[in-house]
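The structure appears below as structure tokens.
The values are calculated or read from the model by the stated rules, or taken from the named source; none is laboratory data. Note that the structure is a prediction, hence the values are computed from the model and not measured. FYI the Cβ positions are ideal-geometry reconstructions off the backbone, even for glycines, and counts take in every protein chain you see.
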Amino acid sequence: MRIRLGLTAGVLALLAWLGGAVPAWAEVLTRGLLFEVAREGVPPSFLFGTLHSADPRVVALPPPVQVAFDGAQGFVMEAVPDADAVAKSMALMAYADGGSLRQALPADLYTQAVAVMASRGLGEDAVNRLKPWALVMLLSAPPVTGGEVLDLALYRAAQAQGRPTVGLETLEEQVALFDRLDPADQVALLRQTLAIYPELPEVFHRLVAAYVRRDLSSLVQLNEMYNRWGTPELAARFHRVAIDDRNERMAERLAPLLAQGGHFIALGALHLPGPGGLLERLQGQGYRVRPIY
């Protein structure tokens with residue numbers, strides 16, 4: 001099984017490790033992965049919550065999801081992973097001004113980071129060129145073992161069908177959110193990620209299990225399980241960057257697409273539930289949102 005919780009919505013799972021408070025809400029949609037988004041006079045669109053995983057249970061589309069995907073006129077995802085955008089994003093992960101990870105970290109943390117990454121096949125020279133936040137992203141994903149994660153599989157399928165594809169963000173925008181984190185916060189995130197690194201396989205297991213159950217509330221409540229890590233202040237700042245700011249931006253950019261109708265929209269499942277989540281935001285825009293699967 002491979003799960004990639006990297007630069008896209010997958011980084012949201014970091015919230016489960018940083019001790020973010022569990023949102024309490026009522027009368028919102030907390031179960032389901034596929035939602036019809038409809039308004040009178042406009043063809044419905046479908047919003048599908050994804051998990052950045054190559055687990056066969058995740059990648060195999062259930063029949064209702066496959067039907068919605070096949071019937072859509074356009075495909076919408078978080079960011080289109082074309083080669084040029086990926087290259088630019090990867091460049092932003094590394095120091096380009098003569099800086100280095102060794103200079104950015106306390107000696108003990110640098111030594112620990114180098115040792116962990118060596119166990120994953122990345123040498124010290126390569127590690128030393130990475131920024132702290134980039135190392136957090138790499139450490140938050142299990143070693144690559146092959147297979148395409150769900151989002152990429154959907155993108156490939158849309159391309160094969162010649163379907164117009166739109167990204168709500170660019171990969172550079174996603175990277176920039178984390179690149180702008182305060183250096184002290186980046187170091188704190190890295191220290192916390194290294195501290196919980198041995199526990200991450202269990203985190204991934206629980207995330208997949210909750211996803212397969214279509215249990216959005218349990219995905220969010222994984223926060224509570226790991227609330228002993230980190231500080232509430234850091235968790236709040238990360239939540240604002242990784243979730244709140246992106247939800248606002250994606251909701252704004254979804255508006256003209258939903259007005260056209262007929263789109264299949266695949267976004268990380270943790271963007272959907274809770275106050276400020278996309279389900280609530282779309283309801284606030286006057287759309288009828290109902291679970292299909």
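Within segment 124-166, restricting attention to residues that are closer than 20 Å to TYR197 by Cα and among the hydroxyl-bearing types (Ser, Thr, Tyr), which residue is surrounded by the fewest Cβ atoms within 10 Å (Cβ to Cβ)? Among those that are closer than 20 Å to TYR197 by Cα and among the hydroxyl-bearing types (Ser, Thr, Tyr), it is THR145. Determine whether LEU61 is aliphatic (A, V, I, L, M), surrounded by 18 or more Cβ atoms within 10 Å (Cβ to Cβ), closer than 17 Å to ALA158 by Cα and at pLDDT 95 or above. Spelling it out, LEU61 is indeed aliphatic (A, V, I, L, M), surrounded by 18 or more Cβ atoms within 10 Å (Cβ to Cβ), closer than 17 Å to ALA158 by Cα and at pLDDT 95 or above. When you scan segment 159-176, do you find a residue that is in a helix (DSSP H, G or I), over 16 Å from the mean Cα position of the chain (by Cα) and either under 22 Å from VAL116 (Cβ atoms) or at pLDDT 90 or above (or both), even just one? The answer is yes; a qualifying residue exists. Within segment 62-77, residues that are in contact (Cβ under 8 Å) with a residue 24 or more places away in the chain and under 17 Å from GLN260 (Cβ atoms) reach partners that are outside any helix (DSSP H, G or I) and basic (Lys, Arg) with beta carbons closer than 6 Å, at six or more positions or on different chains, in the pairs PHE75/ARG163. In segment 89-113, the residues that are farther than 14 Å from ALA188 by Cα reach residues that are in a helix (DSSP H, G or I) and modelled with pLDDT of 90 or more with C-beta atoms within less than 7 angstrom, at least six apart or across chains, in these pairs: MET93/ALA134; SER100/ASN128; ARG102/TYR110; ARG102/ASN128. Scanning segment 26-42 for residues that are more than 19 Å from LEU257 (Cβ to Cβ) and in contact (Cβ under 8 Å) with a residue 60 or more places away in the chain returns VAL28, LEU29, THR30, ARG31, GLY32, LEU33.
The single condition among (1) of a type in the set (S, T, N, Q); (2) without any contact (Cβ under 8 Å) to a residue 12 or more places away in the chain; (3) assigned to a strand (DSSP E or B) that SER45 does not satisfy is (2). Residues of segment 145-197 that are without any contact (Cβ under 8 Å) to a residue 40 or more places away in the chain and on the phi > 0 side of the Ramachandran plot: GLY162 alone. Only one entry of LEU5, LEU47, LEU29 meets the criterion of being crowded, with 24+ Cβ neighbours inside 10 Å, of a type outside the set (S, T, N, Q) and at pLDDT below 95, and that entry is LEU5.
When each of ALA107, ALA72 is tested for being surrounded by 14 or more Cβ atoms within 10 Å (Cβ to Cβ), on the phi < 0 side of the Ramachandran plot and over 21 Å from the mean Cα position of the chain (by Cα), the lone residue that passes is ALA72. Counting only helices (runs of 4 or more DSSP H) that sit completely within segment 184-293, those holding 3 or more residues that are modelled with pLDDT of 95 or more and surrounded by 14 or more Cβ atoms within 10 Å (Cβ to Cβ) correspond to 245-260, 278-284.
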